[in-house]
Amino acid sequence: MMNRRKFLHTLEGGLAVTSLAGLALPHVHAAGSDQIQLALVGCGGRGGGAAADAMMQSGPPKLVAMADVFEHKLAGSHNALVNKFTHQVDVPEERRFLGFDSYKQAMDCLKPGDVVILTTPPAFRWVHFKYAIEKGLNVFMEKPICVDAPTGRRMIALGEEAKKKNLKVGVGLMMRHCRGRRALREQIQRGAIGEVHTMRSYRMQGPGGSAFTDPSMRKEGMSELMFQVSRFHSFLWLSGGLFSDFYIHHIDEACWMKDAWPIKCHAVGARHYRGENIDQNFDNYQVEYIYEDGARLFFYGRTMMGMKNESSGFIHGTKGLAVASLGSHHLAKAGRIYAGQNMDRSKETWSFLKGPDEVAPSPYDMEWKDLLDAIRDDQPYNEVERGARASMVTAMGRFAAHTGQEVTWEEYQNNPHEFAPGVDKLTLESDAPLKADEHGKYPVPEPGLKRDREY
Ligand SMILES: NC(=O)c1ccc[n+]([C@@H]2O[C@H](COP(=O)([O-])OP(=O)(O)OC[C@H]3O[C@@H](n4cnc5c(N)ncnc54)[C@H](O)[C@@H]3O)[C@@H](O)[C@H]2O)c1
């Protein structure tokens with residue numbers, strides 16, 4: 001059957017819109033209907049945001065199932081989504097699921113070709129992705145998609161399985177879908193700033209998410225496992241720490257602009273005024289990533305109060321400077337090129353936005369448009385390998401800072417330390433994979449002392 005979008009494409013461009021993959025493999029479109037159904041696994045801030053972004057697309061998609069491990073998170077997210085999308089949220093009590101197995105029940109509500117949104121802490125990504133592939137579901141999953149090298153390798157293998165089943169998989173590195181950054185990258189690849197030799201990226205802000213934890217945050221009656229899950233940015237096994245969770249965007253953006261992954265890195269990092277905090281994060285990090293051609297990416301991350309804040313990304317070439325990010329994941333005032341190495345307005349040679357009032361489309365919107373277009377047009381779409389590579393390259397920088405060693409990609413990609421083996425077998429009653437000592441403190445990285453493991 002030719003759906004509406006295929007019909008329009010055929011009319012507009014005479015394009016052969018049915019891909020070879022589509023001819024050879026089952027068509028994984030929502031069976032019997034063009035309306036895509038969604039299930040949300042992980043009903044927190046981003047999960048609600050991603051479901052909303054999806055439901056604002058044409059179609060429009062409909063949310064039919066939700067899963068979480070905390071009732072209040074699921075209820076809060078459900079209320080907010082129903083208020084905004086009254087006619088697109090159809091999640092009665094019997095399709096709201098709780099517990100570590102809830103992902104299965106939510107995905108069981110979908111038909112092959114529907115979309116599951118995976119927005120739990122990343123420790124669970126491979127477990128949920130594996131089941132989505134078994135069920136023949138298309139997937140949108142948030143970054144990072146792994147927390148260490150073994151889970152990264154597992155995700156790459158799963159990504160290949162998804163390809164074989166012609167499933168479409170989007171990964172929430174949304175800046176790659178930002179139209180302004182795509183155009184900027186094309187300019188760089190065409191040589192507009194000459195040869196890229198240095199990149200600088202910054203994520204410096206006050207404490208964010210659940211990255212800093214002190215003992216008073218333990219809730220009466222909550223198990224150790226659920227305490228850690230509720231504070232996931234604080235624990236490496238759950239999130240890869242604040243480093244992986246916050247910094248992946250900036251590191252991936254630079255690698256994408258240069259169209260290369262680094263071959264090695266070294267890094268520094270430390271804890272400063274941490275008082276009674278018991279999380280595993282450092283307060284600041286600096287990583288020097290080194291590329292095969294000798295170019296460098298200098299990444300600066302800091303999560304402290306009362307200091308200079310910055311969130312930006314710059315690419316320096318032999319002929320000029322490209323600005324990929326300025327203060328936001330949205331394009332905002334970035335997407336510009338200057339002759340020379342300064343952001344000197346009189347030397348601006350290119351800008352994606354053509355006037356002061358023009359606003360670029362949201363990358364969060366575009367990542368859903370691109371995924372849903374690929375599903376409806378049955379085009380190949382699988383962002384897993386680069387999502388895993390970005391997650392692992394980020395983790396490599398974190399590993400270098402936490403151990404104090406220079407690390408090559410060859411070494412890191414084969415690193416054997418899996419933080420939490422058996423995460424697929426957890427139940428609400430399980431012990432936590434990470435144990436506190438007799439003072440209630442968790443192991444923190446000790447660079448130079450612990451050299452081959454982060455803790
Ligand atoms: N692309 C972006 O700009 C962006 C922004 C924010 C967050 N994120 C990513 O989204 C993910 C979630 O982050 P968040 O800020 O929404 O966190 P959050 O704590 O608000 O939400 C996570 C939700 O997952 C639930 N959960 C935890 N373990 C679960 C499990 N095993 N099964 C089912 N539910 C489970 C939690 O109870 C919580 O409701 C992270 O990977 C984060 O990096 C991406």
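The values are calculated or read from the model by the stated rules, or taken from the named source; none is laboratory data. Fair warning: this is a prediction, and the values are worked out from it, not measured in the lab. Virtual Cβ from ideal backbone geometry, glycine too; neighbours counted across all protein chains shown.
In segment 56-74, the residue that is surrounded by the fewest Cβ atoms within 10 Å (Cβ to Cβ) out of those that are in a loop (DSSP other than H, G, I, E, B) and more than 9 Å from the ligand (Cβ to nearest atom) is Ser58.
Considering segment 271-298, the residues that are modelled with pLDDT of 95 or more and hydroxyl-bearing (Ser, Thr, Tyr) include one that is surrounded by the most Cβ atoms within 10 Å (Cβ to Cβ), namely Tyr289. Is there any pair linking a residue in segment 63-76 that is in the same structural domain as Pro92 (by TED's automatic domain parsing) to one that is among the aromatic types (Phe, Trp, Tyr) and more than 6 Å from the ligand (Cβ to nearest atom), with Cβ under 9 Å and at least six apart or on different chains, and which? What qualifies is Leu63/Phe85; Ala65/Phe97; Met66/Phe97; Ala67/Phe97; Asp68/Phe97; Leu74/Phe97. Whether a residue is crowded, with 24+ Cβ neighbours inside 10 Å, within 22 Å of Val393 (Cβ to Cβ) and within 13 Å of the ligand (Cβ to nearest atom) was assessed, and Ala123 passes this test. Each residue in segment 84-95 was checked for being of a type in the set (D, E, K, R) and buried (at least 16 other Cβ atoms within 10 Å of the Cβ), and 1 pass. May I ask you to say which residue of Val268, Val196 is under 30 Å from Thr318 (Cα atoms), crowded, with 21+ Cβ neighbours inside 10 Å, out of contact with any Leu (no Cβ under 9 Å at 6 or more places or on another chain) and among the β-branched types (Val, Ile, Thr)? Only one candidate qualifies: Val196. Considering every residue within segment 193-212, establish whether at least one is within 16 Å of the ligand (Cβ to nearest atom) and in a helix (DSSP H, G or I). Taking every residue of segment 193-212 in turn, none turns out to be within 16 Å of the ligand (Cβ to nearest atom) and in a helix (DSSP H, G or I). Evaluate the following for Glu186: is it under 16 Å from Lys258 (Cβ atoms), more than 16 Å from the ligand (Cβ to nearest atom), out of contact with any Phe, Trp or Tyr (no Cβ under 6 Å at 6 or more places or on another chain) and without any contact (Cβ under 8 Å) to a residue 24 or more places away in the chain? Taking the combined requirement at face value, the residue satisfies it.
Within the set Leu81, Leu98, Leu118, the sole residue that is surrounded by 23 or more Cβ atoms within 10 Å (Cβ to Cβ) and within 15 Å of the ligand (Cβ to nearest atom) turns out to be Leu118. The residue that is nearest to the ligand (Cβ to nearest atom), counting only those in segment 317-359 that are among the basic types (Lys, Arg) and within 28 Å of Asp245 (Cα to Cα), is Lys333. Of all residues in segment 190-213, those that are in the same structural domain as Tyr291 (by TED's automatic domain parsing) have Cβ atoms under 7 Å from Cβ atoms of residues that are in a strand (DSSP E or B) and within 13 Å of the ligand (Cβ to nearest atom), 6 or more apart or on another chain, in Tyr202/Ser311; Arg203/Ser311; Gln205/Ser311. Of the listed requirements (1) in the same structural domain as Phe97 (by TED's automatic domain parsing); (2) closer than 21 Å to Gly159 by Cβ, Glu418 misses just one: (1).
Within the option set Asp245, Asp279, Asp293, being within 19 Å of Arg203 (Cα to Cα), acidic (Asp, Glu) and either in contact (Cβ under 8 Å) with a residue 40 or more places away in the chain or out of contact with any Phe, Trp or Tyr (no Cβ under 6 Å at 6 or more places or on another chain) (or both) holds for one residue only, Asp245. Step by step: first the residues of segment 101-115, then only those that are among the acidic types (Asp, Glu) and surrounded by fewer than 17 Cβ atoms within 10 Å (Cβ to Cβ), then the one that is nearest to Lys62 (Cα to Cα). Which residue is that? Restricting to residues being among the acidic types (Asp, Glu) and surrounded by fewer than 17 Cβ atoms within 10 Å (Cβ to Cβ), the top hit is Asp108.
Okay, residues lined up against (1) of a type in the set (D, E, K, R); (2) modelled with pLDDT of 95 or more; (3) closer than 24 Å to Leu118 by Cα:
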site	(1), (2), (3)
Met1	no, no, no
His9	no, no, no
Val17	no, no, no
His29	no, no, yes
Val41	no, yes, yes
Pro60	no, yes, yes
Met66	no, yes, yes
Thr86	no, yes, yes
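Residue count for segment 139-176 under the criterion of being under 18 Å from Val393 (Cβ atoms), in contact (Cβ under 8 Å) with a residue 40 or more places away in the chain and of a type in the set (D, E, K, R): the result is 5.
Among the residues of segment 344-359, those that are within 29 Å of the chain's Cα centre (by Cα) and in a loop (DSSP other than H, G, I, E, B) comprise Phe352, Leu353, Glu358, Val359.
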